[in-house]
Amino acid sequence: MRSSWLWLAPAAVVILAPCAASASVNARVEIGATLVGSSTTAEEIERRASARDRARQAEIAALRADYDAAVAAGAARAAELEARLVAAQDGLVASLAEDNGAYAREIAAFRDAVESIAATPEGVAALARFNAGDRAGAIAVLDDLREARDAARRVRADMESAAEAREIAQLALDAKGLGDPAFDTAAVIARYEEVTRLDPGAFWDWIELTRLYQSAGAGDRALQAADQAGENANDDYEQSVALAETAEILLTRGDRAGALERYRRNLQIAERLAAAEPDATDRLRNLNVSLNAIGDVLLSQGDRDGALLHFQRALGLSMTVAEDEPGSTQGARDLALTLNKVGSVLVSQGDLDGALELYRQSLEIFELLSAADPTSAARADDLGVALGRAGDILVEQGDADGAMTYYRRSLEIAQRLSAADPASAFAARQVIIALNKVGDLLLAQGDQAGALARYQNGLQMAERLSAADPASVDLARELSVSSIKVGDGLRREGDQAGALARYRTALEIAERLAAADPGSADLARDVAVSNYRLYTMSEETGYLETALGILLDLQANGSLRAGDERFIAQFQETLGR
């Protein structure tokens with residue numbers, strides 16, 4: 001027996017009249033009409049050839065006409081007609097099912113399908129259209145409904161899958177933080193990419209992905225992920241986090257003005273949240289991070305006074321949080337980081353003793369934190385950076401042996417972390433920085449071969465990283481610095497042509513970066529350094545005049561680095577001024 005309810009009934013079957021356009025749609029009536037008007041019922045009536053069945057069909061048609069008219073008119077007897085119509089429809093189907101088991105099974109399965117369709121108002125309306133003769137229109141509606149429900153079911157399934165994937169991704173991220181080489185940056189990125197594909201509306205998933213992309217040196221993707229996070233922010237705090245992430249990316253790409261604008265918007269939110277909940281340490285911490293971020297930008301522009309004001313305020317907040325939560329790892333880390341920030345300003349002002357004191361306080365905290373959590377890559381990285389900072393001051397103070405001890409420890413930490421996470425551009429950059437520091441000391445101690453080997457190792461890494469993320473100012477600057485270092489080493493080895501080529505590469509990069517960010521004192525100084533190196537090779541005074549002009553400009557606007565006055569005097573003497 002054919003069972004499809006989509007087939008047209010034989011001509012002998014009475015066609016039910018369309019419902020009035022204004023009539024309400026009744027699920028019981030439409031379910032019954034669909035069963036009575038089905039091809040399955042029509043074929044069973046044809047097979048039985050019973051006058052009684054034909055009479056019932058006619059009765060149902062008449063009742064339906066009366067019912068539709070009563071509903072359209074709003075007549076009180078519509079309820080009575082509905083009951084009689086439904087009873088007549090059910091009676092005919094039941095009578096046919098009682099006499100034929102095959103029909104009973106088939107119409108029961110069909111009833112289940114029709115009742116499922118009628119479970120929603122849209123489905124009932126589609127049944128009414130079908131029963132009124134607009135079968136194509138009805139089925140098109142039902143197809144659309146099915147597609148929409150399929151989409152909803154897929155979304156629901158994706159959400160459920162995303163919840164599980166997120167839990168696994170969080171474990172993978174934790175394993176990465178513990179330095180497990182099986183879960184490097186690339187592996188964890190793949191997991192969070194899957195989570196955000198399945199559930200693109202979760203704010204913190206996009207933040208984690210932003211940070212992972214940043215670590216991998218994928219600046220374009222990091223910026224896109226940060227934008228997505230901002231669109232999914234649920235409150236001011238989350239909006240603040242998204243702004244900070246976006247600002248950090250813009251800063252690495254040379255958009256200092258864009259970064260500062262977002263940092264300041266972030267600070268406004270942080271101020272408001274902290275004022276509303278003055279005892280909430282997470283709000284104070286967010287304010288602290290905002291102050292430090294703005295201070296970093298101001299310091300890079302040569303605004304030491306403005307930077308120091310922000311850092312000192314952040315230091316006060318850090319000390320308050322550390323005192324309120326003496327056992328908090330995060331509070332202790334924030335304090336150590338802020339001590340470093342203030343120390344960096346003191347360095348720029350020439351107060352090396354004051355800076356070293358703050359750096360050593362910071363280093364002591366990082367030593368304790370790393371010892372308490374020796375498997376943490378983040379704690380180890382903090383320690384490595386702090387060792388490098390303290391070593392820099394010792395170099396300036398003439399303590400080469402003490403500096404080398406710090407530098408070698410810093411290099412060992414950086415190499416270990418990079419080996420555990422080879423996809424991390426951040427970890428690789430820390431290795432380059434540490435290699436160059438060790439190379440500088442070796443060169444000063446007369447070990448030219450040892451210095452050059454480390455410089456060249458760093459240069460190879462810098463070339464690879466910058467090629468993978470050409471928009472990154474940090475990586476391009478690292479390449480410029482490494483080019484100068486290798487040039488210095490080649491020059492001492494007697495390779496004048498090789499040194500000259502490296503110095504020219506460094507100048508080309510430095511000029512490009514400085515032109516894109518004319519407000520950066522650091523980038524302007526890089527151009528001066530490269531010009532001076534080229535002067536020492538060629539003795540062309542144009543290079544020296546350019547370097548002197550840059551330093552004089554920095555001096556005039558108050559952003560000259562402490563100690564650089566001696567270079568101004570030296571260059572002026574050489575030029576006979």
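Answer yes or no as to whether Ala423 is outside any helix (DSSP H, G or I), of a type outside the set (Lys, Arg), under 30 Å from Arg221 (Cβ atoms) and in contact (Cβ under 8 Å) with a residue 40 or more places away in the chain.
yes
Answer yes or no as to whether Ala109 is free of Cβ contacts under 8 Å to residues at least 12 places away in the same chain and small (Gly, Ala, Ser).
For Ala109, the condition - free of Cβ contacts under 8 Å to residues at least 12 places away in the same chain and small (Gly, Ala, Ser) - is not met.
Of all residues in region 203-217, which are farther than 29 Å from Arg477 by Cα and open to solvent by less than 20 Å² (accessible area, probe 1.4 Å)?
Within region 203-217, Phe203, Asp205 meet the criteria.
Go through region 185-202 and give me each residue that's of a type outside the set (Gly, Ala, Ser) and open to solvent by less than 30 Å² (accessible area, probe 1.4 Å).
Once the filter is applied, which keeps residues that are of a type outside the set (Gly, Ala, Ser) and open to solvent by less than 30 Å² (accessible area, probe 1.4 Å), region 185-202 yields Thr185, Val188, Ile189, Tyr192, Val195, Thr196, Leu198, Asp199.
If you go through region 370-383 one residue at a time, how many are in contact with a Leu (Cβ under 8 Å, 6 or more places away or on another chain) and under 17 Å from Gly327 (Cα atoms)?
Within region 370-383, residues that are in contact with a Leu (Cβ under 8 Å, 6 or more places away or on another chain) and under 17 Å from Gly327 (Cα atoms) number 2.
Scan region 435-446 and tell me whether some residue there is more than 25 Å from Ala386 (Cβ to Cβ), over 36 Å from the mean Cα position of the chain (by Cα), part of a helix (DSSP H, G or I) and of a type in the set (A, V, I, L, M).
No, because not a single residue in region 435-446 is more than 25 Å from Ala386 (Cβ to Cβ), over 36 Å from the mean Cα position of the chain (by Cα), part of a helix (DSSP H, G or I) and of a type in the set (A, V, I, L, M).
Name the pairs: first residue in region 505-534 and in contact (Cβ under 8 Å) with a residue 40 or more places away in the chain, second residue open to solvent by 40 Å² or more (accessible area, probe 1.4 Å) and not charged (D, E, K, R), Cβ to Cβ under 7 Å, at least 6 apart or on different chains?
Within 7 Å, the pairs are Gly519/Gln301; Ser520/Gln301; Ala521/Gln301.
Only one of (1) within 26 Å of Ala427 (Cβ to Cβ); (2) out of contact with any Lys or Arg (no Cβ under 7 Å at 6 or more places or on another chain) is not met by Leu356, so which one is it?
Here Leu356 meets the rest and fails (1).
For region 385-418, name all the residues that are among the acidic types (Asp, Glu) and either surrounded by fewer than 18 Cβ atoms within 10 Å (Cβ to Cβ) or over 22 Å from Ser348 (Cα atoms) (or both).
Glu396, Asp399, Asp401, Glu412
Could you check region 27-116 for helices (runs of 4 or more DSSP H) lying wholly inside it with 3 or more residues that are hydrophobic (A, V, I, L, M, F, W, C), within 23 Å of Ala138 (Cβ to Cβ) and open to solvent by less than 60 Å² (accessible area, probe 1.4 Å)?
Passing ranges, in order: 27-36, 51-73, 78-99.
What residue, of Ala562, Ala515, Ala471, Ala501, is open to solvent by 10 Å² or more (accessible area, probe 1.4 Å), at pLDDT below 95 and either more than 26 Å from Ala257 (Cα to Cα) or in a helix (DSSP H, G or I) (or both)?
Ala515
Taking helices (runs of 4 or more DSSP H) that do not extend beyond region 148-261, which have at least 3 residues that are touching a helix residue (DSSP H, G or I) at 6+ places or on another chain (Cβ under 6 Å) and farther than 30 Å from Leu299 by Cα?
185-198
Which residues, taken from region 565-577, are part of a loop (DSSP other than H, G, I, E, B) and either surrounded by 14 or more Cβ atoms within 10 Å (Cβ to Cβ) or modelled with pLDDT under 90 (or both)?
Gly576, Arg577
Would you point out which residue out of Ala451, Ala444, Ala476 is more than 20 Å from Glu396 (Cα to Cα) and of a type in the set (A, V, I, L, M)?
Of Ala451, Ala444, Ala476, the one residue that is more than 20 Å from Glu396 (Cα to Cα) and of a type in the set (A, V, I, L, M) is Ala476.
Taking Tyr237, is it among the aromatic types (Phe, Trp, Tyr) and surrounded by fewer than 22 Cβ atoms within 10 Å (Cβ to Cβ)?
Yes: the conditions hold for Tyr237.
Does Gln460 satisfy the condition of being open to solvent by 70 Å² or more (accessible area, probe 1.4 Å), of a type outside the set (Lys, Arg) and in contact (Cβ under 8 Å) with a residue 40 or more places away in the chain?
no
Asp382: over 26 Å from Leu212 (Cα atoms), in contact (Cβ under 8 Å) with a residue 40 or more places away in the chain, surrounded by 19 or more Cβ atoms within 10 Å (Cβ to Cβ) and among the charged types (D, E, K, R), yes or no?
It is false that Asp382 is over 26 Å from Leu212 (Cα atoms), in contact (Cβ under 8 Å) with a residue 40 or more places away in the chain, surrounded by 19 or more Cβ atoms within 10 Å (Cβ to Cβ) and among the charged types (D, E, K, R).
Return yes or no: is Gly487 open to solvent by less than 10 Å² (accessible area, probe 1.4 Å) and closer than 17 Å to Gly388 by Cα?
no
Among the residues of region 290-338, write down those that are of a type in the set (Val, Ile, Thr) and open to solvent by less than 50 Å² (accessible area, probe 1.4 Å).
The answer is Ile294, Val297, Val321, Thr338.
Quick check on region 339-375: of everything there that is touching a helix residue (DSSP H, G or I) at 6+ places or on another chain (Cβ under 6 Å) and within 30 Å of Ala175 (Cβ to Cβ), which residue is surrounded by the most Cβ atoms within 10 Å (Cβ to Cβ)?
Ranking the qualifying residues of region 339-375, first place goes to Ser362.
The values are calculated or read from the model by the stated rules, or taken from the named source; none is laboratory data. Quantities reported herein were computed from a predicted structural model and do not represent experimental measurements. Cβ atoms come from the backbone with ideal geometry, glycine included; neighbour counts cover every protein chain shown. Ligands, DNA and RNA are excluded from the accessible area calculation, which covers all protein heavy atoms including side chains. Shrake-Rupley method; radii C 1.70, N 1.55, O 1.52, S 1.80 Å.
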